[in-house]
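Visitor: One structure coming up, written as structure tokens, with questions to follow.
The values are calculated or read from the model by the stated rules, or taken from the named source; none is laboratory data. Because the structure is predicted, anything quoted here is derived from the model rather than measured. FYI the Cβ positions are ideal-geometry reconstructions off the backbone, even for glycines, and counts take in every protein chain you see. Remember, those area values only see protein heavy atoms, side chains included, never the ligands or the DNA or RNA. Shrake-Rupley method; radii C 1.70, N 1.55, O 1.52, S 1.80 Å.
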Amino acid sequence: MWCRRLVGLLRLCGSSIPALLRLPGDTRPVLAAATRCHHTVPETLKCAWQLHRDHLELRYANTLMRLDFVWLRDHCRSASCYNAKTNQRSLDTASVDLAIKPKAVRVDETTLFLTWPDGHVTRYGLEWLVKNSYEGQKQQVMHPRILWNAEIYRQAQVPSVDCRSFLETDAGLKEFLQNFLLYGIAFVENVAATKEDTEIVAERISLIRETIYGRMWYFTSDFSRGDTAYTKLALDRHTDTTYFQEPCGIQVFHCLKHEGTGGRTLLVDGFYAAEQVLQRAPDQFELLTKVPLKHEYVENVGDCHNHMIGIGPVLNVYPWNNELYLIRYNNYDRAVINTVPYDIVHRWYAAHRTLTTELRRPENELWVKLKPGKALFIDNWRVLHGREAFTGYRQLCGCYLTRDDVLNTARLLGLQA
């Protein structure tokens, strides 16, 4: 009886079972060569683990994780494998034996311990594993959001942020960024109506992304560029720069002057519309995430000669949790569809029509009258914009921002982005 208890204790602690301690008739291999062993820790820890041929199965905090041995060795955070000062890996991943297996495994209340064949010990916090495992990530969202139609946004009464607070305080900046991350749009009030002051506001959260349109641009209806936007015509909802391989992440608009009528700005939450498609027609949603399309911009006006092509599906999702992160929707700039075989193209048109119907529902349209002093920031990967036709002289300025820098600023302020 004492022998059976000792063997059970050794299993509980993750130690290998020496052959001398085996019971008569016990033909199981020792842990170092095991193909399948089962272990638990005390019931109070709510943790159990099982060793398989090529991975460790670990259940903790209601999450069942399957952790590849190479993955477990590669992500070791010991001083010799990971530089905590630079947050960079020191271990040469290519040097890890693809057939590696731990020599011993042990779990206590908070930590998983792995001893490798060369004697190196790797330690993982159980909470860290839940957060960073595939199974843990699949249950999480990368970017928390509030999806909205016009009524939801109005009822939320999302406040604009005063320019001085935005520029001079972390609290003002954080409030602005939180609004932007949740809703995909945010406003700064009391901005001086000049291009220079708009530039200062834009640079508060990001580097300005210089494109074929320049760095900071003036925007009038003089048809100075080969684009419908440079007219007085109405513009249907769309995202910008779909013809870039990486569409611009954030767009800034500031109306400096308008002497005339009309010209309201239209805003539509593309993710809200896509969610409706996912709920009502999941097969069509999936098709819109799979089919690659070309968008194209051809310009020969004055000294401006450009031919841009961007390729990607209308809806872009993270494959591990199906979370939507980018919508590429612009019927003006969509090129010839020659990337889709005939037996799929008609189904794609049906799916595109379903999404377009959602995007064009009147209840999803938020109309905003831009005015001098009110700068608008738009998440160009999420929110579609357009405008109604206008009369008179209307001048806007604005720019594109690098998405990575906006998210970086948000994270430094403690926001999930």
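Visitor: Looking at segment 260-283, is at least one residue part of a loop (DSSP other than H, G, I, E, B), modelled with pLDDT of 95 or more, over 21 Å from the mean Cα position of the chain (by Cα) and surrounded by 15 or more Cβ atoms within 10 Å (Cβ to Cβ)?
Guide: yes
Visitor: Inspect all residues belonging to segment 306-319 and state whether any of them is under 26 Å from Gly263 (Cβ atoms), out of contact with any Lys or Arg (no Cβ under 9 Å at 6 or more places or on another chain) and open to solvent by less than 70 Å² (accessible area, probe 1.4 Å). Walk me through it before giving the result.
Guide: Going through segment 306-319, the residues under 26 Å from Gly263 (Cβ atoms) turn out to be none.
No; the residues of segment 306-319 include none that is under 26 Å from Gly263 (Cβ atoms), out of contact with any Lys or Arg (no Cβ under 9 Å at 6 or more places or on another chain) and open to solvent by less than 70 Å² (accessible area, probe 1.4 Å).
Visitor: Here is a follow-up. I need the helices (runs of 4 or more DSSP H) fully contained in segment 125-213, keeping only those with at least 1 residues that are under 18 Å from Leu412 (Cβ atoms) and more than 26 Å from the chain's Cα centre (by Cα).
Guide: 163-168
Visitor: Just a yes or no: is a residue in segment 192-206 in the same structural domain as Glu246 (by the TED database), hydrophobic (A, V, I, L, M, F, W, C), touching a helix residue (DSSP H, G or I) at 6+ places or on another chain (Cβ under 7 Å) and open to solvent by less than 30 Å² (accessible area, probe 1.4 Å)?
Guide: yes
Visitor: I've got another one for you. Which condition from (1) closer than 16 Å to Leu126 by Cα; (2) in a loop (DSSP other than H, G, I, E, B) is the one that Leu58 breaks?
Guide: Only one criterion in (1) closer than 16 Å to Leu126 by Cα; (2) in a loop (DSSP other than H, G, I, E, B) is unmet by Leu58, namely (2).
Yes or no, residue by residue, for (1) assigned to a loop (DSSP other than H, G, I, E, B); (2) among the hydroxyl-bearing types (Ser, Thr, Tyr); (3) at pLDDT 50 or above; (4) in the same structural domain as Leu129 (by the TED database):
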{"position": "Leu20", "(1), (2), (3), (4)": "no, no, no, no"}
{"position": "Pro24", "(1), (2), (3), (4)": "yes, no, no, no"}
{"position": "Leu72", "(1), (2), (3), (4)": "no, no, yes, yes"}
{"position": "Ala94", "(1), (2), (3), (4)": "no, no, yes, yes"}
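Visitor: Listed residues Leu396, Leu376; which is within 19 Å of Ala192 (Cα to Cα), in a strand (DSSP E or B), at pLDDT 95 or above and open to solvent by less than 10 Å² (accessible area, probe 1.4 Å)? Before the answer, list the steps.
Guide: Numbers: Leu396 fails: at pLDDT 95 or above.
Testing whether each residue is within 19 Å of Ala192 (Cα to Cα), in a strand (DSSP E or B), at pLDDT 95 or above and open to solvent by less than 10 Å² (accessible area, probe 1.4 Å) leaves just Leu376.
Visitor: Output yes when any residue across segment 215-232 is at pLDDT below 95, in a loop (DSSP other than H, G, I, E, B), over 21 Å from Gly302 (Cα atoms) and in contact with an Asp or Glu (Cβ under 7 Å, 6 or more places away or on another chain), and no when none is.
Guide: no
The rows are residues; the columns are (1) out of contact with any Leu (no Cβ under 8 Å at 6 or more places or on another chain); (2) of a type in the set (Phe, Trp, Tyr); (3) in contact (Cβ under 8 Å) with a residue 24 or more places away in the chain; (4) more than 28 Å from Ala234 (Cα to Cα).
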{"residue": "Asn364", "(1), (2), (3), (4)": "yes, no, yes, no"}
{"residue": "Val368", "(1), (2), (3), (4)": "no, no, yes, no"}
{"residue": "Pro372", "(1), (2), (3), (4)": "no, no, yes, no"}
{"residue": "Ala389", "(1), (2), (3), (4)": "no, no, yes, no"}
{"residue": "Gly398", "(1), (2), (3), (4)": "yes, no, yes, no"}
{"residue": "Ala410", "(1), (2), (3), (4)": "no, no, yes, yes"}
{"residue": "Gly414", "(1), (2), (3), (4)": "yes, no, yes, yes"}
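Visitor: Looking at segment 351-373 only, could you name the residues that are among the aliphatic types (A, V, I, L, M) and part of a strand (DSSP E or B)?
Guide: If the condition is that a residue be among the aliphatic types (A, V, I, L, M) and part of a strand (DSSP E or B), then Leu366, Val368 are the ones that fit.
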